[in-house]
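> Please read through the structure below; I'll follow up with questions.
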Amino acid sequence: MIMISKLTKSYGVNEIFNNVSFSIPDGRHIGLIGVNGSGKTTLLNILSGNEYFEKGEIAGIKNKTIGYLPQIPILPEELTVYQYMLLSFEKLLNLKEEMESEKDPIKQHLLNEQFEHLGGNLIESRVGKVCYFLNISEELKKQKISSISGGEKSRILLAHILLSEPDIILLDEPTNHLDIEGIIFLENFLKSYKGTFIVVSHDRQFLNNCVNYIYYIENKAIKIYKGNYDKFETEYEHERQRLIKMHKQQTEYIKETEEFIRKHIAGQNTKQAQSRIKRLEKLRHIKLPEKHSAPAFKWNETFRSGNEVLHIEILSFSYGSRKILSNINFNVYAGQKIAVIGKNGAGKTTILKLINGELTPSSGNIIKGSNINIGYYRQDFHFLENEKTLLEIFLNDTEYFTIGEARSKLALAGFFADDIEKKWSDLSGGEKAKYMILKLTVEKPNLLLLDEPSNHLDIQSVKYLINMLNIFSGTIIFT
């Protein structure tokens, strides 16, 4: 069991955890949730040893093996993908090397028995199975890690973790770069996993399918709920309503008691009044549950596009010798909401980049209709203007806003006071995603190209985004 005692963590004046204590029993399957910026990624970084904390103690984790999938993985760039996969079996491969160099036949036989008993003969089949479901092709296995995309790095690190089978698995938004087949495979793996795992995810169905406890970050503390996400949501709402009722009753009691004290403190009932003063002093005040304001984005009015938004004919595209799209034909009409689906690497992001003009077709044409104004939400926004503050970035992106107007707009995305002075590099993935959506709303697009827009958002913000897209009057193409 891991015991976390009196944990305190801050970023400058921004306190994330305050004197937090909780436990993680062995074998527990945990969904870690909370609003964007509440400290989910911070906690995973602390548990993995990648982040310091000011006060507190973590016991029981020192001798455990940990596999950690952060949102932005850093891998050894000089290795090929396959070489990195084999690092999952380092002890087994060392044993094989020892066996092959052993001259004594008896010792060699014993080492071989040990190698087989530990599953050494299954290395290739295990790698093949994980790579198949996570869409890691034979071609990708041969590539240097330095040459692959961020999404591919995430899948490769995830494969490495699953093959390593550590004592504790920490996953920060693991479904972001997986197709449906990969998500189902990961769900099944985690459900049958005998070790401990903690997963941060915006995908409530994924959480429902694979966790048995929810750890909820609220008010710089952690509350623990038994069951999956749906059970947590029901229990949390009941608890919230109960606290609201108790708070109302206590407020009325305090008001009546203070009124009695005011009337009788100097009269015949002085002793009773003094007794009630003492009672009020000892009273433990009931706190209202934290009120989470959902983003309040609003679409700025825009001009209407022509009826035919896009005409795509005989479109092909290749990255070098690798053909991604071949002879694609389709039309897009005003008001349509189109989902582009397919396996990882099938070309979903490529289509959006071609439409946006960031890539040039190998052959074929993309003909845009009249009065088209594109708003593009990209996946790779993490390293944007790292050292600038949020307010500086917004003023730079939208030159026609005054500082006061910019503050008001940023408040719609839940950025207040100190938040807007944070550097981009200090924002959580969810906070960055909210900013990028806010930026779209002020650009007045009538054609939205959205590349995995729900990635990184908390579950409440995902709900709001869905409603927001439903009322959008223009055209949407999303992955």
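> Within the stretch 385-405, which residues are on the phi < 0 side of the Ramachandran plot and surrounded by fewer than 16 Cβ atoms within 10 Å (Cβ to Cβ)? I'd like the intermediate steps shown before the answer.
Taking the stretch 385-405 and keeping what is on the phi < 0 side of the Ramachandran plot, we get 386-405.
Listed by number, the residues that qualify are 386, 387, 388, 396, 398, 399, 400, 402, 403, 404, 405.
> Which residues, taken from the stretch 178-220, are in a loop (DSSP other than H, G, I, E, B) and at negative phi?
Initial filter on the stretch 178-220 (in a loop (DSSP other than H, G, I, E, B)): 178-179, 192-195, 201-203, 211-212, 219-220.
Once the filter is applied, which keeps residues that are in a loop (DSSP other than H, G, I, E, B) and at negative phi, the stretch 178-220 yields 178, 179, 192, 193, 194, 195, 201, 202, 203, 211, 212.
> Does residue 364 satisfy being buried (at least 17 other Cβ atoms within 10 Å of the Cβ) and either outside the structural domain of residue 134 (by TED's automatic domain parsing) or without any contact (Cβ under 8 Å) to a residue 60 or more places away in the chain (or both)?
yes
> Here are 56, 60, 27, 12: which of them is farther than 21 Å from residue 160 by Cβ, surrounded by fewer than 20 Cβ atoms within 10 Å (Cβ to Cβ) and free of Cβ contacts under 8 Å to residues at least 40 places away in the same chain?
Checking each option against the conditions leaves just 12.
> Using the structure shown, decide if residue 375 is crowded, with 17+ Cβ neighbours inside 10 Å, under 23 Å from residue 72 (Cα atoms), of a type in the set (Gly, Ala, Ser) and outside the structural domain of residue 183 (by TED's automatic domain parsing). Steps first, please.
Values: crowded, with 17+ Cβ neighbours inside 10 Å: yes; under 23 Å from residue 72 (Cα atoms): no; of a type in the set (Gly, Ala, Ser): yes; outside the structural domain of residue 183 (by TED's automatic domain parsing): yes.
Criteria not met by residue 375.
> Here is a further query. Say whether the condition of being surrounded by fewer than 17 Cβ atoms within 10 Å (Cβ to Cβ), in contact with a strand residue (DSSP E or B) (Cβ under 9 Å, 6 or more places away or on another chain), in contact (Cβ under 8 Å) with a residue 40 or more places away in the chain and assigned to a loop (DSSP other than H, G, I, E, B) is met by at least one residue in the stretch 319-339.
Yes, because at least one residue in the stretch 319-339 is surrounded by fewer than 17 Cβ atoms within 10 Å (Cβ to Cβ), in contact with a strand residue (DSSP E or B) (Cβ under 9 Å, 6 or more places away or on another chain), in contact (Cβ under 8 Å) with a residue 40 or more places away in the chain and assigned to a loop (DSSP other than H, G, I, E, B).
> So, residue 454, is that one out of contact with any Ser or Thr (no Cβ under 8 Å at 6 or more places or on another chain), among the hydroxyl-bearing types (Ser, Thr, Tyr) and without any contact (Cβ under 8 Å) to a residue 12 or more places away in the chain or not? Quick ask: steps written out before the conclusion?
On the way: out of contact with any Ser or Thr (no Cβ under 8 Å at 6 or more places or on another chain): yes; among the hydroxyl-bearing types (Ser, Thr, Tyr): yes; without any contact (Cβ under 8 Å) to a residue 12 or more places away in the chain: no.
Here the answer is no, as residue 454 does not meet what is asked.
> Still on this structure: Looking at the structure I just gave you, is residue 41 modelled with pLDDT of 90 or more, surrounded by 13 or more Cβ atoms within 10 Å (Cβ to Cβ) and either of a type in the set (S, T, N, Q) or farther than 30 Å from residue 434 by Cβ (or both)? Before you say what the answer is, go through the steps one by one.
Details: modelled with pLDDT of 90 or more: yes; surrounded by 13 or more Cβ atoms within 10 Å (Cβ to Cβ): yes; either of a type in the set (S, T, N, Q) or farther than 30 Å from residue 434 by Cβ (or both): yes.
So residue 41 fits the description; yes.
> Conditions: (1) more than 22 Å from the chain's Cα centre (by Cα); (2) crowded, with 17+ Cβ neighbours inside 10 Å. Residue 408 meets all but one. Number of the miss?
Residue 408 satisfies every listed condition except (2).
> Considering every residue within the stretch 430-442, establish whether at least one is out of contact with any helix residue (DSSP H, G or I) (no Cβ under 7 Å at 6 or more places or on another chain), assigned to a strand (DSSP E or B) and at pLDDT below 90.
Checked against the condition, which is being out of contact with any helix residue (DSSP H, G or I) (no Cβ under 7 Å at 6 or more places or on another chain), assigned to a strand (DSSP E or B) and at pLDDT below 90, the stretch 430-442 yields no hits at all.
> Name the pairs: first residue in the stretch 399-411 and touching a residue at least 12 places away in the same chain (Cβ under 8 Å), second residue exposed (fewer than 11 other Cβ atoms within 10 Å of the Cβ) and of a type in the set (Lys, Arg), Cβ to Cβ under 6 Å, at least 6 apart or on different chains?
Filtered contacts from the stretch 399-411: no entries.
> So, one more: As an exercise: evaluate residue 357 against (1) touching a strand residue (DSSP E or B) at 6+ places or on another chain (Cβ under 7 Å); (2) under 30 Å from residue 301 (Cβ atoms); (3) small (Gly, Ala, Ser) and give the number of the one condition it does not meet.
Here residue 357 meets the rest and fails (1).
> So which residues in the stretch 300-318 are more than 18 Å from residue 366 (Cβ to Cβ) and touching a strand residue (DSSP E or B) at 6+ places or on another chain (Cβ under 6 Å)?
Here is the first cut: in the stretch 300-318, the residues more than 18 Å from residue 366 (Cβ to Cβ) are 300-304.
The answer is none; no residue qualifies.
> Does the stretch 28-36 contain at least one residue that is in contact with a Cys (Cβ under 9 Å, 6 or more places away or on another chain) and outside any loop (DSSP other than H, G, I, E, B)? Let's see the steps before the verdict.
Going through the stretch 28-36, the residues in contact with a Cys (Cβ under 9 Å, 6 or more places away or on another chain) turn out to be 29, 31.
From what's left, outside any loop (DSSP other than H, G, I, E, B): 29, 31.
Yes: one or more hits.
> Next question, about the same structure. Failed condition for residue 449, given (1) in contact with a strand residue (DSSP E or B) (Cβ under 7 Å, 6 or more places away or on another chain); (2) more than 30 Å from residue 306 (Cα to Cα); (3) buried (at least 19 other Cβ atoms within 10 Å of the Cβ), with all others met?
Checking residue 449 against (1) in contact with a strand residue (DSSP E or B) (Cβ under 7 Å, 6 or more places away or on another chain); (2) more than 30 Å from residue 306 (Cα to Cα); (3) buried (at least 19 other Cβ atoms within 10 Å of the Cβ), the one that fails is (2).
> Within the stretch 121-136, can you find the residues that are surrounded by fewer than 17 Cβ atoms within 10 Å (Cβ to Cβ) and either of a type in the set (Asp, Glu) or at pLDDT below 90 (or both)?
121, 124
> Tell me yes or no: at least one residue of the stretch 67-80 is in a helix (DSSP H, G or I) and at negative phi. Walk me through how you get there before you give the answer.
Just the residues of the stretch 67-80 that are in a helix (DSSP H, G or I), to begin with: none.
No.
The values are calculated or read from the model by the stated rules, or taken from the named source; none is laboratory data. Predicted model only: the values in this text are computed from it and were never measured. Don't worry about glycine lacking a Cβ; one is built from the backbone with ideal geometry, like all the others, and counts go over all protein chains shown.
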